[in-house]
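Since every read-out is calculated from the coordinates, none of them should be taken as a lab result. This structure is a prediction, so every number in the text was calculated from the model and none was measured. With ideal geometry, Cβ positions are generated from the backbone for all residues, glycine too; neighbour counts draw on all protein chains shown.
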Amino acid sequence: MKSLQHLLLGLALCIGSINTLSAVPDPTKDMWNDPGFIKSFTGSYGILAEYEPPISNDERLVLRSLINTLKSNPKTAIAELQPLIKPKTSAVFDFILANLYFQDGNLANAEKYYAQATSKFPNFRRAYKNLGLVHVQSGNYKPAIKTISKAIELGAIDGRSYGLLGYCYLSQELYYPAETAYRQAILMQPDTLDWKLGLARCLIETQRYADAIALFDTLIKLHPNRADFWLLQGNAYLGKQEPMAAAHNIEIVRRMDKAEHATLTLLGDIYINNAAPSLALDAYQAALQVANNNDIKSPIRAAEILTRTGNFAAGKTMIRSTRERFRDQLSDANDLKLLTLEAKIARAEDDPETALTALKQIIERDALNGEALIELGNIYAAQGDLPKAINRFDQAEKIEAYERNALIAHAQALVANTDYQAALPLLRRALFMEPDNNLENFVRRVERAARDKGF
């Protein structure tokens, strides 16, 4: 059975990776469409003497003369304003120039002049706040934490500041401070989804899955058509070790017709791990239908899982569907993989002739296919043809990637023929290559059998 960790990773991948910031939208993306932000971004100067830099009457007249240019032609305003900035001119000039660069997308110059403004006037609250925005948009989250925290210290007590701070902490995997900041942001802006998604991410990362599930219950009630909410809650259910609840969420997304290939593949994995092979096959086949034309790895993996778990009828159906779906672009390597699975199923279903036919095809096309050589050896051994079996095992043992498995298969064939003494060196070599409790116990049983036989 796959580990829960593997399932969590699978769902993470299918929703854009819960382990990256992509699960939480960039809160700066739409800020230029927010009238409230625009107002606070520009504002007036010198009104709050403690937090706004002083500005002389002459400087005020200069800015007044530029006001129309500032509004109508930012690039011209930059060209006119930049030469006016001197070490002793008001920090307001640096701030406005930084704003213009920021709006123009020149983040490097925006950062330079915001920093210059705070250097001239160390309590310049808005300059710190906007500098924090620049850092966030540049992906420089560590300095952003410092500048946004300074803005908050100076009185920028608003939802956006706390939300941005949470986002920055989250980017640094500092989940508890991020949670604190997000909760503050939600108190001030309770309708902002970004802050709630950030909080949910913190809860999942700190393994408080029940709290995350409850939060998504609220979000889903408000936004029942948001597939990402259903999937993120599914991730929390997996964390809480409730895989079938996660499957329920994915099925809802599937009914929305928003389930992607990776999501459906994961659904199949969940069903396999919960002894529901028919549902797994249905999910895998649905994944196959929406697969990218070049993505054959997942359906082959699904066929392998079905075969390995003994669901041979479903495995054969999956193999057949994969061949049909990728008929025109089935590579030789992938065709060989499918042939190997077909051989395994035939052998498991006591159809050695079909298995032999498939395996011989594989060996003819790929003489170094260790998996096929071992399977072929197993069939010969089962038929009582030990020399042929050993010949195939010997061939596989010379292939580094298959050496250990070939040694074990060879030894098992010898044990089946009560040749315990010959089997023991092979088993000990395999055990030396990779210690394993089950193999160690098998070695002990063979040693005991050898002693009982009189060796």
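Brief remarks on what is shown
- Hey, Leu232 touching a residue at least 40 places away in the same chain (Cβ under 8 Å) and either assigned to a loop (DSSP other than H, G, I, E, B) or more than 25 Å from Lys344 (Cα to Cα) (or both) or not: yes
- Count of residues meeting criterion [within 16 Å of Asp94 (Cα to Cα) and surrounded by 10 or more Cβ atoms within 10 Å (Cβ to Cβ)] in segment 62-74: 6
- Among residues of segment 342-364 that are free of Cβ contacts under 8 Å to residues at least 12 places away in the same chain, those with a beta-carbon under 9 Å from a residue that is surrounded by 22 or more Cβ atoms within 10 Å (Cβ to Cβ) at least six positions away or on a different chain give the pairs Asp351/Ile345; Glu353/Ala346; Thr357/Ala343; Thr357/Ala346.
- Which numbered condition Thr206 fails, given (1) among the hydroxyl-bearing types (Ser, Thr, Tyr); (2) without any contact (Cβ under 8 Å) to a residue 24 or more places away in the chain; (3) over 30 Å from Ala115 (Cβ atoms): (2)
- Residue among Ala246, Ala286, Ala346 that is assigned to a helix (DSSP H, G or I) and more than 27 Å from Ala227 (Cα to Cα): Ala346
- The sole residue among Glu440, Glu353, Glu403 that is under 35 Å from the mean Cα position of the chain (by Cα), of a type in the set (Asp, Glu), surrounded by fewer than 19 Cβ atoms within 10 Å (Cβ to Cβ) and part of a helix (DSSP H, G or I) is Glu403.
- Within segment 90-122, the residues that satisfy the criterion of being surrounded by fewer than 17 Cβ atoms within 10 Å (Cβ to Cβ) and not in a helix (DSSP H, G or I) are Asp104, Gly105, Asn106, Pro122.
- Residue selected from segment 366-377 under the condition surrounded by 14 or more Cβ atoms within 10 Å (Cβ to Cβ) and within 38 Å of the chain's Cα centre (by Cα), by the criterion farthest from Ala389 (Cα to Cα): Asp366
- Hits in segment 303-335 - residues which are buried (at least 18 other Cβ atoms within 10 Å of the Cβ) and not hydroxyl-bearing (Ser, Thr, Tyr): Ala303, Glu304, Ile305, Leu306, Asn311, Ala314, Gly315, Lys316, Met318, Ile319, Phe326
- Any hit, segment 180-203, residues being closer than 26 Å to Ile305 by Cβ and among the aliphatic types (A, V, I, L, M): no
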